[in-house]
Structure formats: C-alpha cells, structure tokens
There are 2 protein chains.
Amino acid sequence: MEASGGAKRVTLAQVAERAGVSVMTASYTYNRPDRVSDQARSKVLAAADELGYAGPDPSARSLRRGSTRTLGVVMGEHLSYAFEDPEAVSFLAGVADVCTDHGCGMTIVPITGAADDVARIADAAVDGFIVWTTSDDDPVLAAVRATRRPAAVHGGPAVGGMGLVSIDNRAAARAIGAVAWAGAERPALVSFPLSRDRRAAITNGAALPGVTFPVTRERLEGYRQAAEAAGIPWQDVTIAVCARNDAAEAERVAATLLASAEPPDAIAAMSDQQASGVVRAARAAGRTVPDDVAITGWDDAAVAARLGLTTVAQSLRDQGASCALIALGRPAPRTPAWSLIRRTSTRP
Amino acid sequence: MEASGGAKRVTLAQVAERAGVSVMTASYTYNRPDRVSDQARSKVLAAADELGYAGPDPSARSLRRGSTRTLGVVMGEHLSYAFEDPEAVSFLAGVADVCTDHGCGMTIVPITGAADDVARIADAAVDGFIVWTTSDDDPVLAAVRATRRPAAVHGGPAVGGMGLVSIDNRAAARAIGAVAWAGAERPALVSFPLSRDRRAAITNGAALPGVTFPVTRERLEGYRQAAEAAGIPWQDVTIAVCARNDAAEAERVAATLLASAEPPDAIAAMSDQQASGVVRAARAAGRTVPDDVAITGWDDAAVAARLGLTTVAQSLRDQGASCALIALGRPAPRTPAWSLIRRTSTRP
DNA sequence: CTGTTAGCGCGTTCAC
DNA sequence: GTGAACGCGCTAACAG
C-alpha cells in the first residue's frame, strides 16, 4: 500500500489507465469480481494499490444507483436528547436492528430546533425518514414530507403521506388511569410537556391550554375518561406539567405536590422515568407506596420492574423496527400492542 | 403543493424548463437566493411546486461538492450493542453534540461481525470515521484506514494514520486496583472479554491467554501492577472473564465466586454496570460492602453514585466529542482525563 | 470476459 | 442578474 496518503483524490479512471484496462473492467473488479479475469483483476488491484485508490466513491455510487441505502432518523428538537431518554434509545436500537438486517446505514439528522432544521433535512442523503414523536406544528414534518421519500412518524402526529407507528395512547391511558386512581380522593398526574415551549406548570384538568404534542394530548384524554369513569371530575385532578421527561424534574414536582395542604394520594406519571422520581419523592416525604400514595408509570422500562411499578408495557424497540420498515418502503405493520402490567405500586 | 406524489424523479432541469429560466437560475434559487431576482425566484418555486420537485438531490450535491457533511460511526461487532451499553450511548451523545454544532449528519454504520462489514464501511458516504474501541485484529480497522478519510479510534487499538482518543487505562487501573485490593487477602477481578471470541472463564493472573482488546489488556496490566505493589502475586488474583459488559452476567459470576470455598474479599470490576451486578450478588449472599467485600467499578456512571461505588471517572461524552473533531479533520485534542472517585464501597 | 457510450443531478466555471 | 457548457466519479446497458 502506497504510504503517501495524500489528500488528492484518485479516480477509478486513473486506476484503469494505469492498469491498462478500461474503466469498466476496473469497476467490475470492485462490483462484480466474477466477471473479470484473475489477471485483469490483479492488474487493477495492483494499480489501485500503487495509486492509493480508496475504492469507488460512495456518493458517486449513490447518485448513479439512485439510492443511498441509508435511513434518516430525526429525533426531536435537540439531538442529544435522543441519547438521554432510555426509551428513545430503545427505539433507536429497533431502527438499528432493521438497518443491520437490510445492510443500510442509519443517519441521525442533526436537529437543533432552529430554522435551519428544514435545510438539514432537505440535505440528508437518505432513502427514507423516521421521525420521533413531535408536536403538530413541528416544521420538521413538512420538511420531511417535502422530500417525497417514504417516512414514518413514531407516536404522532399523523401526517398524510407518512406512516404512523403508535399504540392507542388514549385507550392505554384510560386503562392505567383507572388503576392508578381507583379509590383515590386526591388524584394527580405528572405529565409530559404540552407543547414546544415546554412550559412547566401545576394546574388541573379544567385549566389545560392547547396541547400540541399528540401523544400527550391523547394520553390526557384517556386519563380524563378514566377520571370521569371513576366519578372524579377532571378539574379535580391536579396536573403537574413537566418541561421534560426526566426523573429529577418529576421528583421535584412530586415533592412539591406531596408537601402541599392537600397532598395527592394517587399519582399517575407518563413514563417510568418520571414515576421513579415520584417514588423517590414519596419515600423522602415518608409516605408508603401504595398505601399513602399509589403511583403508576408508563413503558415498562427496567426501572419499573425494579421498583414494582404498575405501568403500561409497550416495545419501543419493535416500534423503531416498524418505523424503519416503513421508511424502507415496506408496507406498514399492524398497530403495535400495549398491555397493562400490575405490580405493587398501586392498590389491589 | 402538487398532490400526485409519484415515484418519478423530478430534476432541477425540468423545473428550470417549466419556469422558463436556465438551470443555473433554478439552482441559485435554492443555494444563493440573493443572486436571483424575485421574479425569477417565484417562477422557479411555482414550477417546482407544480412539478412536485423535492429540492436538490443530496447525493448529487455531495458528489459535486466533494464532501458529504456526515460522519460515520462504527460501534463494534454488533450494532445494537451500541444502544445497550449506557457508556456507549454517552459516547454517541458526545459525537452528536459536535455533529449538531457543525451541521453534519451522523451515520451509524451497520456492522454485524461478518465478512461484509468491510464492504459496508467502504460504501458509507461519510467524510470521516469514528471507531468505538475494538480488538487488535478487527478487520474494520483496515477497512476504515483504506478509505483514506480522517478517522479516530476510541479506546484502542492505536492504528497508524488514525487518531486515538483514550485515557491512560493502565495508570487508572493501577490507581483503582490499589484502592480495591488494599488489605485484601483474596482479591478478584471481574473483567471484560479478552478477545473477539468473548469466551467467559474463571481463571487467574498466571493463566491469562492472549488479550486482543487493548483496553482490557491495558487495564489488566494496571491491575497487575497494583496487585504486585500490594504484595499480591498476580497468580493469586482470581479473574472472572465475562463475555459482555453486562450487569446480569457480572452478578451471576460474582455469585459463583462468593459461593466458593475461598470467596473473594475484594472485587474490582471493569465497569459500573458490572460492579452493580457484583453489589447485588454480594447483598444476595448476605455480605456487607465494604467490610466483607470491597467493590470497585469504572466510569462513574449514574449507578455508581447511587450505590456509593468507588470508581474511575471519565467523560465518555467528551471523548465522543474529541473523536468527532478528529474525524472532521481538526487537530487531535489532548489526552482525556480520568480521576479516582472514592466512595463507600471500599475500605478507607 | 472486456470495451464503448451515455448519462445519474447538480454546481462551478466563464461568458453575456 | 442570467445562460451555456462541462465534468464531479461512477455504472447500466449494450456491443464485441
């Protein structure tokens, strides 16, 4: 191998010339080695070696072939958030599984929440897109749609022309809400943010402003139905809206609720991360779970089993895989399943 | 927007023709809007809209420009492993931080451990590579080097022509080994696998076969120095080699050790994940930490603080960022720092 | 088995 | 401010 690792680009044509063969013979040497005589192939490889040819240029190949063999993944307003949320990481693992099987790459598109997100999406060399759940008004959705490539949205919103992979959040919320608040006198809910401004607030069911995150909206509707079915007016449910899906924030807000004059005796959270924070706050406040406070989570993460959390089980990994299949142009798989897991954090 | 979302590809030339302008005017409309009259621009955009033009093709652009604005990341024999190891995820977050800042994408190259890994790397349309720590004999290294693109290896091995980002594992192992085994009579070590075959075994310092993972090798050397400095012959150290970096496996193997005739009274592990498994095994066996068994981890992950683990702190996130900078062609940052964190899992 | 032709879709020339 | 050529590096589709 030539040691002069220079910046100069060596082309297949140069290799062919040096080897004394046509460009196509050189190309075949890399792509269809069986169609080339041993003699020609070794001449080509020798020439490549001498010239320091790095192999066919992937961009040129993609252009010629008309496909990049890569899927794009858009993970929400700030990219590194994707790596901080364990459920998002599971989802990515599911995407990775399918990409590995199909030999395609997985490009994470660098999103910042700023105006140039649209350009970053338009400039991504990918065959299809996967969008992690976002708000109804996220410009990313239109940008992805404008590429006219196959795309799947996880969670929501549903967008014409793109696949949607999501459990029935409303039904699941109804089911776990019923368990969480059974027999409760002062029910509370720790919620994901309602919209992109991610404003935190402690409010109640009657005072909820517009909710633009569809997953959050559907869950709130389900919880409302659960409350009303249990004879609890929605406005009597205390709702702590968090800025992020985060154990520490949930712990702080739960501590506040538990220290109030009318502390909740049943707290439903929208994720196991949040619920784990709530459990810590409850313990710190000297309450027993579930007798003083019933607590529920969502996702059936590892922490849920550890803490004995009643939760909604769903496989983010499978959902990531489904999204990837859609982005590859496969037909959409059926609606993903969920189930209620009853453990010891709720009253029997 | 035209609704007939067909599969047919619309080119810039067609848009230009329909708009009654030259191709370059159409191109400028997308790339240098200031160099085009308002009138021409709106004609172009209208034509694009009518034709359903999706915008300039990213592959063609990359080819023309000579760069893809994307970094490739190679995460070890099996891709989804990357998403199961929390430290690997931190590392990816660091890469993502830099990619976001520089507006470049991040392509995870789908590796399976099979022979076609090399082809997958050669065919990745990226400007540079980042390789997660691997073995000396991993063919991926040669494949990355053959692309002649800037590349950084995290952890090791060191390869000519590629940057290396790694703490001094030997020194760190020496330091934490000294604390772990201080005053111990029956020291043990829970180790990462030694080579790509990932064979699990319980052995001792004298019976170690060839170690081809350089990070593991360097740590073993450091631990050996720590043992000998404490007057413990290396062959007296029980070494439990695990197949993977995994809490559950470490728990099983630690349980075995603790149930043996001569149970260890000090166990050093190579990660906090492993150490957390060891702590669970110790508790299950009715031992107190650190009195009956001293335990150390590595990484200073969240779980280390929770369990009070003495550990080696390092920032995988910063190291990911450093790798990304190198892959972008920036000069290599200085050697990353580590420090010893003493908590309550070791004897004072 | 090997060579020739003809672009893939775009953007950097350089003229006008 | 706009237009006409040319080629980025490669490979499908044909000959031969």
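No value in this document is a laboratory result; all are computed from the given coordinates. Being a predicted model, the structure only gives us computed values, none of them experimental. Methodologically, a virtual Cβ is constructed for each residue, glycine included, from the backbone with ideal geometry; neighbour enumeration extends over all protein chains shown.
With everything on Cα atoms, drop me the angle between helix A:214-229 and the longest principal axis of chain A, reported from 0 to 90° to the nearest 10.
Tilt relative to chain A: about 20 degrees.
Taking neighbour counts of Cβ atoms within 10 Å as a proxy for exposure, in what order, fewest first, do A:Thr216, B:Thr134, B:Thr203 appear? Walk me through the numbers before you get to the answer.
On the way: A:Thr216 22, B:Thr134 25, B:Thr203 16.
Ascending Cβ contact count within 10 Å gives the list B:Thr203, A:Thr216, B:Thr134.
Could you check which residue among A:Glu185, A:Glu262, A:Glu221 shows the biggest mean-square fluctuation in a GNM of chain A with a 10 Å Cα cutoff?
Of the options given, A:Glu262 has the highest mean-square fluctuation.
Can you list residues from other chains, or at least 5 along the same chain, whose modelled amide H is less than 5 Å from the amide H of B:Leu189?
Here the answer is B:Thr238, B:Ile239, B:Ala240, B:Ala268, since their amide H atoms fall under 5 Å of that of B:Leu189.
Mind pulling up the Rg/Rh value for segment B:12-56? Radius of gyration and Kirkwood radius, both on Cα.
Ratio value, two decimals: 0.90.
What is the fewest-to-most order of B:Ile167, A:Ile202 by other Cβ atoms lying within 10 Å of their Cβ?
Values: B:Ile167 20, A:Ile202 13.
Starting with the residue having the fewest Cβ neighbours, the order is A:Ile202, B:Ile167.
Measuring from the lowest to the highest alpha carbon on each principal axis, how far does chain A reach, largest first, in angstroms?
If we take the Cα atoms of chain A, the spans are 88, 37, 35 Å.
Using 0.36 nm per residue of separation minus the Cα-Cα distance, give me the extension gain between B:His78 and B:Ala13 in nm, one decimal. Please report the intermediate quantities before stating the final value.
Values: separation 65, 0.36 × 65 = 23.40 nm, distance 4.30 nm.
Extra length available between B:His78 and B:Ala13 comes to 19.1 nm.
Count the DSSP beta bridges whose two residues both fall in the protein assembly as shown, then state the antiparallel fraction as a percent rounded to the nearest 5.
Details: 17 of 71 bridges.
Counting only bridges with both partners in the protein assembly as shown, antiparallel ones make up about 25 percent.
Treat segment B:177-304 as a sphere of radius equal to its Kirkwood radius over Cα pairs and apply Stokes-Einstein at 37 °C in a medium of 0.692 mPa s; give the translational diffusion coefficient in µm²/s, rounded to a whole number.
Values: Rh = 14.1 Å.
Reported coefficient: 232 µm²/s.
If r is the Cβ-Cβ distance from B:Asp168 to B:Arg64 and R0 is 30 Å, what FRET efficiency results, to the nearest 0.05? Don't skip to the answer; put the middle values down first.
On the way: r = 44 Å, r/R0 = 1.47.
For R0 = 30 Å, the calculated efficiency reads 0.10.
Once you have the Kirkwood Rh of segment A:39-104 from its Cα pairs, apply Stokes-Einstein at 4 °C and 1.567 mPa s and quote D in µm²/s.
Working: Rh = 15.3 Å.
So the translational diffusion coefficient is about 84 µm²/s.
If R₀ is 56 angstrom, what is the calculated FRET efficiency for the pair A:Arg198 and B:Ala207, using the beta carbon separation as r and rounding to 0.05? Display every interim value, and only then the final one.
Values: r = 56 Å, r/R0 = 1.00.
Efficiency, from the Cβ-Cβ distance: 0.50.
Sort shortest first the distances from B:Ser22 to its counterpart in every other copy, using label points 7 Å along the Cα-to-beta-carbon line, and give them in nm.
In nanometres, ordered from closest: 3.6.
State to the nearest 20 debye the size of the charge dipole of chain B about its Cα centre, where the only charges are +1 on K and R beta carbons and -1 on D and E beta carbons. Mind showing how you got there, number by number?
Working: 36 positive and 38 negative charges, 168 e Å.
Roughly 800 debye for chain B.
What gaps in nm, shortest first, separate A:Ala158 from its twins in the other copies when you place the label 7 Å past Cα toward the beta carbon?
5.9
Given 0.36 nm per residue, what is the gain on full extension from B:Glu262 to B:Ser37 after removing their alpha carbon distance, in nm?
Details: separation 225, 0.36 × 225 = 81.00 nm, distance 8.48 nm.
Between B:Glu262 and B:Ser37, full extension yields 72.5 nm more.
Which length gain, in nm to one decimal place, applies between B:Asp292 and B:Glu185 when the Cα-Cα distance is subtracted from 0.36 nm times their residue separation? Please report the intermediate quantities before stating the final value.
On the way: separation 107, 0.36 × 107 = 38.52 nm, distance 1.12 nm.
Stretched out fully, the B:Asp292 to B:Glu185 stretch lengthens by 37.4 nm.
For the protein assembly as shown, build the charge dipole from Cβ charges (+1 Lys, Arg; -1 Asp, Glu) around the Cα centre, then report which of A:Ala254, B:Thr310, A:Asn31 sits farthest towards its positive end.
Final value for the positive-end residue is A:Asn31.
Students often get this wrong: which residues of segment B:34-60 have the backbone nitrogen under 16 Å from the point 7 angstrom along Cα-to-C-beta of B:Val23?
The answer is B:55-60, whose backbone nitrogens lie closer than 16 Å to the label point.
In whole angstrom, how far apart do the alpha carbon centroids of segment B:117-191 and segment A:218-232 sit?
Taking the Cα centre of each part, segment B:117-191 and segment A:218-232 sit 52 Å apart.
Quick one: work out the % antiparallel among DSSP beta bridges in chain B, nearest 5.
Values: 7 of 34 bridges.
Around 20 percent of the beta bridges assigned by DSSP in chain B are antiparallel ones.
Run through the other copies and list how far each one's label point is from that of B:Ala206, in nm with one decimal, shortest first; the point sits 7 Å from Cα along Cα-Cβ.
8.1
Send over the per residue convex hull volume for segment A:70-165, Cα only, as a whole number of Å³.
Working: hull volume 8.2 nm³, N = 96.
Expressed per residue, the convex hull around the Cα atoms of segment A:70-165 is 85 Å³.
To the nearest 20 debye, what charge dipole does the protein assembly as shown have about its Cα centre, counting +1 at the Cβ of each Lys and Arg and -1 at the Cβ of each Asp and Glu?
Values: 72 positive and 76 negative charges, 267 e Å.
The calculated dipole for the protein assembly as shown is roughly 1280 debye.
With only alpha-carbon pairs counted, each pair once and no self-pairs, how large is the Kirkwood hydrodynamic radius of the protein assembly as shown in angstroms?
Numbers: mean 1/r = 0.0360 Å⁻¹.
Evaluated on the protein assembly as shown, it is 27.8 Å.
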